[in-house]
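Take a look at the structure below.
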Amino acid sequence: MAEPEREDDVVTITSMPFEIGSLSQLVVRTDTGAVASFSGTTRDNFGGKRVLRLEYEAYEPMAVLEIRRICAAARARWDLRVIAVTHRTGLVPVGEPSIEIAISSPHRRDALEAVHFAIDELKATVPIWKKEVYQEDSPASEGSVGDSAGHAAAWKANAEWRAASAPSGHDLS
Amino acid sequence: MADGIGVVVLLFASVREKVGRGKLELRMCEGSTTSDLLAALAQQHPALAAVLPSCALSVNRRYLSTEQVALSDGDEIAVIPPVSGG
């Protein structure tokens, strides 16, 4: 069964743009002495190719559950107050944030370490995918797919990817 | 009325594009497992056979934590290719 939802775990998957730093204000409370945050923004290049845009796709209900599981794991290790995680879906232009995590805690070390943990875990397990669309009609390589306008594109895979179990029965960790 | 069980299979990202659909509805025999489902998917969609071994599976929004489980009528299974969020 799913753990009961905590109101101080604020998890959002949205196609709406958001400002960098917007979550930090949300997690401040009078009993917190520290706020740490991470923002991931979309980069304009990969392997020498110019990236036009990124497209994110999520298995939304499961992504929310997995992020809440990460929040619970972080709370078990550090003394935290509010955890806010927002991940964007759909088309994200270069230079805009796709992910933000902000965590408040009474003391700085807890928030700093928990943010690091949370982004690493998110990249390992949360069912969200990113497709890079390139400016050039790059030569097709393995795993590459085109977009409707004929631009080369590729679905990415995080180095951190760690499924609980692959259907083949092999442990991917 | 139909015999067996009905399950929904959700496909994402590269897997969705290979099949051309994000959602499949399959009827399976009573007592079928996730392994049976994977075999059926590979047979019905040959394009999937090569990529399934690199994917994880979730059943009702939880990663499958053992090699296989028995499926129930109405289960929601997702084929989860390597993730790239963040």
Worksheet entry | Checking A:Ala84 against (1) out of contact with any helix residue (DSSP H, G or I) (no Cβ under 7 Å at 6 or more places or on another chain); (2) over 30 Å from A:Ala152 (Cβ atoms), the condition it does not meet | (1)
Response to the item:
Note on the stretch B:39-63: residues under 11 Å from the mean Cα position of the chain (by Cα) and within 8 Å of chain A (Cβ to nearest Cβ) are B:Leu52, B:Cys55, B:Ala56, B:Leu57, B:Ser58
Worksheet item: Which one is nearest to A:Asp8 (Cα to Cα), of the residues in the stretch A:90-138 that are polar (S, T, N, Q) and part of a loop (DSSP other than H, G, I, E, B)?
Response: A:Gln135
Worksheet entry | Residue identified as within 28 Å of A:Glu55 (Cα to Cα) and in contact with a His (Cβ under 6 Å, 6 or more places away or on another chain) among B:Val59, B:Val79, B:Val19 | B:Val19
Worksheet item: Since B:Thr66 meets every condition but one in (1) more than 8 Å from chain A (Cβ to nearest Cβ); (2) surrounded by fewer than 21 Cβ atoms within 10 Å (Cβ to Cβ); (3) of a type in the set (Val, Ile, Thr), which condition does it not meet?
Response: (1)
Worksheet item: What are the residues in the stretch A:36-74 that are out of contact with any Gly (no Cβ under 9 Å at 6 or more places or on another chain), open to solvent by 40 Å² or more (accessible area, probe 1.4 Å) and charged (D, E, K, R), if any?
Response: A:Lys49, A:Arg50, A:Arg53, A:Glu60, A:Arg68, A:Arg69
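The values are calculated or read from the model by the stated rules, or taken from the named source; none is laboratory data. The shown structure was predicted, so the numbers you read here are calculated from the model rather than taken from an experiment. Neighbour counts run over all protein chains shown; Cβ positions are idealised from the backbone, glycine included. Just the protein is used for accessible areas: all its heavy atoms, side chains included, with ligands, DNA and RNA removed. Shrake-Rupley method; radii C 1.70, N 1.55, O 1.52, S 1.80 Å.
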